[in-house]
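Every number in this text was worked out from the coordinates using simple rules, so none of it is lab data. Quick caveat, the model's predicted, so the values are computed rather than measured. When we count neighbours, we look across all protein chains shown, and the Cβ atoms used for this are built from the backbone with ideal geometry, even at glycine.
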Amino acid sequence: MNTYYRIDGSIKVNNAFVLKEMEKMGLFILASNDISISPEEMLKYYKGQDNVEKGFRFLKSDTFSVSKVYLKNKARIEAVTIIMVLCLMICSIAEWKLRTKLEEQNETVPDQKGKPTKRPTMRWIFFNFQGITELITHKEEKIESEILNMEEIYWKILSLMGRNMKIYISNYVNLPNLG
């Protein structure tokens, strides 16, 4: 023989307790001159500023070497700032494009610990590409070019970035005629 139990009840909100707890919570005000934005959208935009802050943190980091730029002319300071923000924008677009392609093609790349990730930072990707070098040699009136230290993962990343990707190699070795 089975025994079954049933409980009937209702939930009652203790308004005094709720108000007391709400007084302990912190509040902040978000304001906008765009009255068409809902409070939820405004909060979403506000929370999205974290990406912008990460970008400026990158600009201020030692990697970007801003502290080594000594300018006094206001126009030059503005020009360098614009160039840096444009670089940050391009870096952000590249990161977004790579992450989108990784997700679309269900691919991964190794992160800093060697574990697969679909959300790498461009800072990490650029760091990995640092050791790639172009070797240009002159042999018998013929110029030959060879890419050194190019691993399979780098070809994969470049292919994910698209066919119209132009590759610029910043440091190369130009050897004299060895023939």
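A few remarks follow.
- In this label model, A16 and S32 are separated by 4.0 nm, measuring between points 7 Å along each Cα→Cβ vector.
- Take 90-100, 71-81, 11-21, 146-156 and order them by the average number of nearby Cβ atoms within 10 Å per residue, most first; the result is 90-100, 146-156, 71-81, 11-21.
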